[in-house]
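Participant: Starting off with a structure, shown below.
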Amino acid sequence: MTQQNGSINSTGNNKLAGLDHLRTLAISLVFLYHYRIFQHPEWTESAGSFGWTGVDLFFVLSGYLIAGQLFHKIAQGKGNDMGEFYFKRFFRIIPAYLVVVALYFWLPAFREREALSPLWKFLTFIQNFGLDIKHRGTFSHAWSLCIEEQFYLLLPLILLIFLHFRAGKKAAYLLLILFVAGFVIRTLSWNGLVAPLIDTDQFGIAWYKWIYYPFQCRLDGLLVGVGLAGLFQFFPAIRDRLTRRGNWLLLLGIGLIIGAYFVCSDQYSFHATVFGFPLVAIAYGTIVAAAVSPSCILYKFRSKVSGNIAALSYAIYLSHKGVIHLTQQGFMKWGIEGDSNWMFLLCILTSLLGALTLRYTVERPFLRLRDTILQKRQTSSEQSPVKMRA
């Protein structure tokens with residue numbers, strides 16, 4: 001949800017255009033999926049049922065872009081500047097996030113449900129742990145942002161350790177171990193914490209609490225993105241062979257995501273729980289690889305619509321539930337049915353307007369401030385010390 005407006009080793013716009021199409025797809029899937037918790041047209045029930053995978057697509061994109069920036073610096077021999085990395089992450093994520101958190105806590109009308117998790121959980125990015133979707137469902141979608149921040153707190157530290165011990169390409173083994181560990185952890189969580197409640201009213205709540213939201217169960221997409229970034233950065237021969245077949249990669253990715261759709265037809269089942277998340281991650285990873293391939297239609301086709309929506313995707317993600325709630329509450333008083341297509345269109349428009357407001361009043365000013373500070377720091381470091389004359 002928070003990936004940068006750029007990609008690995010790319011100075012042009014085509015590679016970014018391919019990723020922008022995917023970011024637009026991701027936020028559209030998330031929006032459609034979440035819209036079903038409000039009054040909605042009947043057709044969105046089935047059309048949005050697989051929309052939860054939009055978050056997984058965001059995870060893959062984020063892992064690819066953020067790790068790619070780190071890997072590119074390592075390949076250039078610049079090491080891993082953790083201070084700069086965390087500084088950039090802070091200015092990219094925190095300002096807009098805090099504004100939306102403030103809206104939820106200071107403006108009760110903005111809340112789409114009754115109860116919030118405690119404020120300290122949002123401020124420390126641990127809201128996803130032990131999240132009870134039934135009793136703490138307001139602003140619950142912050143869970144995915146928590147996972148990203150937890151992951152990116154650890155990733156630079158892990159890279160620093162590997163650089164210190166000069167592990168090099170052996171770091172790929174760690175990715176593989178973590179990916180396989182996801183299967184084991186979800187299996188244990190299912191058998192020990194979820195399956196015993198399968199015939200009770202607590203089953204769904206337990207599934208979200210112990211499977212869907214925890215950090216240790218949802219690393220698949222981020223790991224696939226990081227692995228793809230490492231493959232493209234440190235294995236150029238393999239990268240070149242893959243990117244020459246961009247459209248084939250796209251078709252393969254679409255086939256995999258169709259397969260994942262059927263595997264996850266019952267999202268709460270054992271096989272969907274254990275195998276669904278990694279299959280979705282691999283499918284979207286294949287599509288991301290296609291999108292950055294010069295031979296792929298996604299790479300070649302540029303669209304201002306997808307470019308603009310992609311730029312708004314973080315703001316939309318943060319604010320859309322509260323905006324939808326306010327929109328429906330307001331327009332239903334004017335006689336527009338909550339489950340009508342007109343209301344659906346109105347909610348899309350108001351969500352875009354809300355995101356534009358957040359983008360131009362909070363995100364962009366803080367990004368400009370960040371760039372100004374970094375530029376001054378770079379200029380200062382490049383200036384040679386003045387020598388006193390004898």
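Participant: Between F90 and L160, how many nm apart are label points set 7 Å from Cα along the C-beta direction?
Facilitator: 1.5 nm
Participant: Same structure again: How much length would be gained if the chain were fully extended between W342 and L174, taking 0.36 nm per residue of separation minus their Cα-Cα distance, in nm to one decimal?
Facilitator: Gain on stretching W342 to L174: 55.5 nm.
Participant: Evaluate the Debye formula for region 138-179 with equal point scatterers sitting on the alpha carbons, no solvent, and hand back log10 of I(q)/I(0) at q = 0.18, 0.22, 0.29, 0.31 Å⁻¹, in q order, two decimals.
Facilitator: Result of the Debye calculation: -0.62, -0.77, -1.00, -1.04.
Participant: Pairing the Cα long axis of helix 304-332 with the longest principal axis of the chain, what angle in degrees results, from 0 to 90 and rounded to the nearest 10?
Facilitator: So the inclination is approximately 30 degrees.
Participant: What does the highest-first list of 364-377, 21-34, 55-68, 293-306 look like by mean Cβ count within 10 Å?
Facilitator: 55-68, 21-34, 293-306, 364-377
Participant: Summing -39500 (n - 2.57) over the DSSP H runs of n ≥ 4 in the chain and dividing by its residue number, what mean residue ellipticity at 222 nm do you reach, to the nearest 500 deg cm²/dmol? Present the calculation step by step, with values, prior to reporting the outcome.
Facilitator: Numbers: 16 runs with 253 residues, N = 390.
Calculated from helices alone, the mean residue ellipticity at 222 nm is -21500 deg cm²/dmol.
Participant: Efficiency by 1/(1 + (r/R0)^6): what FRET value for T357 and K78, r their Cβ-Cβ distance, R0 = 35 Å, to the nearest 0.05?
Facilitator: Details: r = 37 Å, r/R0 = 1.06.
Calculated value: 0.40.
Participant: Select from A229, L163, L193 the residue farthest towards the positive end of the dipole of region 161-231; place +1 on Cβ of Lys and Arg, -1 on Cβ of Asp and Glu, and compute about the Cα centre.
Facilitator: About the Cα centre, the residue reaching furthest to the positive side is L163.
Participant: Run the reach check for K88 against lysines, Cα to Cα strictly under 19 Å, same-chain hits fewer than 8 apart removed. What comes back?
Facilitator: K73, K78, K376
Participant: Evaluated at 10 °C with a viscosity of 1.306 mPa s, what Stokes-Einstein diffusion coefficient in µm²/s does region 174-297 have when Rh comes from the Kirkwood expression over alpha-carbon pairs?
Facilitator: 102 µm²/s
Participant: So, one more: Can you figure out the FRET efficiency of L153 with D199, using R₀ = 45 Å and their beta-carbon distance, to the nearest 0.05?
Facilitator: For L153 and D199, the calculated efficiency is 0.70.
Participant: Suppose R0 equals 22 Å. What FRET efficiency, 1/(1 + (r/R0)^6) with r the Cβ-Cβ distance, do I254 and F301 give to the nearest 0.05?
Facilitator: On the way: r = 16 Å, r/R0 = 0.71.
Here the calculated transfer efficiency is 0.90.
Participant: In addition: Within the chain, what whole-number % of the accessible surface is contributed by carbon and sulfur, with the 1.4 Å probe and all protein chains included in the calculation? Please report the intermediate quantities before stating the final value.
Facilitator: Values: 12370 of 18910 Å².
With neighbouring chains kept in place, the figure for the chain is 65 percent.
Participant: Okay, moving on. Tell me, what are the semi-axes, in whole angstrom and largest first, of the equivalent ellipsoid of region 274-390 as set by the roots of 5 times the Cα gyration tensor eigenvalues?
Facilitator: Over the Cα atoms of region 274-390, the semi-axes work out to 42, 26, 14 Å.
Participant: Rank W207, Y86, M332 by how far each Cα sits towards the positive end of the charge dipole of the chain (+1 on Lys, Arg Cβ; -1 on Asp, Glu Cβ) and give me just the farthest.
Facilitator: Final value for the positive-end residue is Y86.
Participant: In percent, what relative contact order does region 291-375 have, based on Cα pairs under 8 Å that are 6 or more apart in sequence?
Facilitator: Relative contact order for region 291-375 comes out at 30 percent.
Participant: May I pose another question? Quick check: the angle from helix 171-189's long axis to the longest principal axis of the chain, C-alpha only, nearest 10 degrees?
Facilitator: 20 degrees
Participant: Specify the angular offset, from 0 to 90 degrees and rounded to the nearest 10, of the alpha carbon long axis of helix 53-75 from the longest principal axis of the alpha carbons in the chain.
Facilitator: The answer is roughly 10 degrees.
Participant: Evaluate the relative contact order of the chain (contact order divided by residue number), counting alpha-carbon pairs under 8 angstrom at least 6 apart; express in whole percent.
Facilitator: Worked out over the chain, it gives 26 percent.
Participant: Sort out for me the Cα centre separation of region 220-251 from region 282-327, rounded to whole Å.
Facilitator: 19 Å
Participant: Stretch L98-S380 to full length: gain in nm at 0.36 nm per residue minus the Cα-Cα span? Could the numbers behind the result be given before it?
Facilitator: Working: separation 282, 0.36 × 282 = 101.52 nm, distance 3.08 nm.
Extra length available between L98 and S380 comes to 98.4 nm.
Participant: Could you bin all the Cα-Cα distances of region 95-178 into 10 Å bins starting at 0 and give me the percent of pairs in each, rounded to whole numbers?
Facilitator: 16, 38, 20, 17, 9, 1
Participant: May I pose another question? On a 1.4 Å probe surface of the protein chains, which of E84, E114 comes out largest in accessible area, and what is the full order?
Facilitator: These residues rank, largest area first, as E114, E84.
Participant: Run the dipole for the chain about the Cα centre, Lys and Arg Cβ at +1, Asp and Glu Cβ at -1, nothing else charged, and hand back the magnitude in debye, nearest 20.
Facilitator: 1800 debye
The values are calculated or read from the model by the stated rules, or taken from the named source; none is laboratory data. For clarity, every value in this text was computed on a predicted model and none was experimentally measured. Here the Cβ is made from the backbone with ideal geometry for all residues, glycine too, and neighbour counts use every protein chain on show. Side chains are part of the model used for accessible areas, which takes the heavy atoms of the whole protein and leaves out ligands, DNA and RNA. Shrake-Rupley method; radii C 1.70, N 1.55, O 1.52, S 1.80 Å.
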